[in-house]
Amino acid sequence: MTAPLPLPEPAAKPPYFKRHIFFCLNERKNSEASCAQHRAQEAFDHCKRAVREAGLAGAGAVRVNKAGCLDRCAGGPVAVVYPEGVWYTYVDHSDIDDIVNTHLRDGQVVRRLELDPGVGR
């Protein structure tokens, strides 16, 4: 009697979203730096609009998410893109547009906006 053949590994299911971008919108009540002081909500709103207008929103594509403190306040404002785990800092809408068009759409890291790995709270 021969041994049964092993079953094939199940195929990995594609993720519901290809990428997530999380924007820190945290506002500290004391004098510590926080992303909300740098118009993070405005950047989040702009990113949601830009992703939708580029046709990148929804299942199988991109999700733009709000986040509380991401604990990298000294580099604020910050956002992080997953699954790559790339951290960004930004100044204005053109920076957000670069992240949308270069990373979220084309899968390329925007090196000039990467947050220094040593930056924390």
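The values are calculated or read from the model by the stated rules, or taken from the named source; none is laboratory data. Values in this document were obtained by computation on a predicted structure and should not be read as measured data. Cβ coordinates were reconstructed from backbone atoms using ideal geometry, including for glycine residues, and neighbour counts include every protein chain displayed.
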(request) Residue by residue through the stretch 1-19, note down the ones that are touching a residue at least 40 places away in the same chain (Cβ under 8 Å) and part of a loop (DSSP other than H, G, I, E, B). (result) Pro14, Pro15, Tyr16, Phe17, Lys18
(request) Using the structure shown, decide if His38 is surrounded by 17 or more Cβ atoms within 10 Å (Cβ to Cβ) and under 14 Å from Lys18 (Cα atoms). (result) no
(request) Find all pairs meeting these conditions: Cβ atoms under 8 angstrom apart; at least six residues apart or on different chains; first residue within the stretch 20-43 and farther than 22 Å from Gly58 by Cβ; second residue of a type in the set (Lys, Arg) and buried (at least 19 other Cβ atoms within 10 Å of the Cβ). (result) Cys24/Arg72
(request) Name the one entry in Arg112, Arg49 that is surrounded by fewer than 16 Cβ atoms within 10 Å (Cβ to Cβ) and within 28 Å of Pro14 (Cβ to Cβ). (result) Arg49
(message) Tally up the residues in the stretch 84-120 that are closer than 17 Å to Glu53 by Cβ and of a type in the set (A, V, I, L, M, F, W, C), please.
(response) 4
(message) Every residue in the stretch 1-52 that is over 15 Å from the mean Cα position of the chain (by Cα), closer than 14 Å to Ala79 by Cα and either at pLDDT below 90 or not small (Gly, Ala, Ser) (or both), please.
(response) Asn26, Ser34, His38, Arg39, Glu42
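So that you can scan it fast, the table gives a plain yes or no per residue for (1) of a type in the set (Phe, Trp, Tyr); (2) at pLDDT 95 or above; (3) over 13 Å from the mean Cα position of the chain (by Cα):
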residue	(1), (2), (3)
Ala54	no, yes, yes
Lys66	no, yes, no
Leu70	no, no, no
Gly85	no, yes, no
His93	no, yes, yes
Ile99	no, yes, no
Thr102	no, yes, no
Arg112	no, yes, yes
Pro117	no, no, yes
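Evaluate the following for Ala33: is it part of a loop (DSSP other than H, G, I, E, B) and touching a Cys at 6+ places or on another chain (Cβ under 8 Å)? Walk me through it before giving the result.
On the way: part of a loop (DSSP other than H, G, I, E, B): yes; touching a Cys at 6+ places or on another chain (Cβ under 8 Å): yes.
Spelling it out, Ala33 is indeed part of a loop (DSSP other than H, G, I, E, B) and touching a Cys at 6+ places or on another chain (Cβ under 8 Å).
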